[in-house]
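K.L.:
My structure is below; once you've seen it, I'll send some questions.
Nothing in this text is a laboratory measurement; each read-out follows from the coordinates by a stated rule. All values reported here derive from a predicted model rather than from experimental measurement. Cβ atoms come from the backbone with ideal geometry, glycine included; neighbour counts cover every protein chain shown.
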């Protein structure tokens, strides 16, 4: 008789990035409103900022879906880049761009063509080390949509979503066990779920239990990471 055991492969998971998949809470509701209000922004640009893993990329994907905006690769950004493509553009990790004159040109060209520019970063522009006066003055006028740290309710909801993204089953008692014992950041939650995924990889049931969660945290410290 053929072996009916399921073959478990360590394949990359694809998170759900639709607007309906984003979990709205007090810490991110303001940022969600900004994205939902496009194209009725008061200016041509918006800075979306928050700690690593807080959902900036998810909201940026929602915005791209609505606007048809094109991502701009900061690593290969050149003076010619803003001349082509859609009038709406997304630049992630904008605070780390090396050539400030290129970012200034991108901003100016976006305004000239009647487009909009979404910038993401971990901190608002007031915290960036900007040396070009013209760029600094423009960024000071750009609205900032900030995502804060999650509360317990959002942490639980994000855990459930991240586990579901990886097709891992769990129970409310597992979530209740994890919440007071894990790192209070979105990046920490992602690291924890990745370790839980690895811990259940060889299980046919792909279920996270309290003993599994306890073992992962014990192995990696708070947050399992």
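K.L.:
Averaging the inverse of every distinct alpha carbon separation and then flipping it gives the Kirkwood radius. What is it for segment 152-224, in angstrom units?
P.N.:
On the way: mean 1/r = 0.0850 Å⁻¹.
Result for segment 152-224, one decimal place: 11.8 Å.
K.L.:
Moving on to the next point. For segment 101-194, what mean projected area does the convex hull of the alpha carbons give, in nm²?
P.N.:
Numbers: hull surface 34.4 nm².
Result: a mean projected hull area of 8.6 nm².
K.L.:
Could you sort the peptides 56-65, 25-34 by per-residue average Cβ neighbour count (10 Å cutoff), highest mean leading?
P.N.:
Details: 56-65: 19.8, 25-34: 16.9.
Taking the mean over residues of other Cβ atoms within 10 Å, the ranking is 56-65, 25-34.
K.L.:
A further question on this structure: What FRET efficiency comes out for the pair residue 167/residue 137, r = Cβ-Cβ distance, R0 = 45 Å, nearest 0.05? Mind dumping the intermediate values first?
P.N.:
Working: r = 49 Å, r/R0 = 1.08.
Rounded to the nearest 0.05, the efficiency is 0.40.
K.L.:
Still on this structure: Averaging over every viewing direction, what projected area does the convex hull of the Cα atoms of segment 19-146 cover, in nm²? Don't skip to the answer; put the middle values down first.
P.N.:
Values: hull surface 28.9 nm².
In nm², the orientation-averaged hull projection of segment 19-146 is 7.2.
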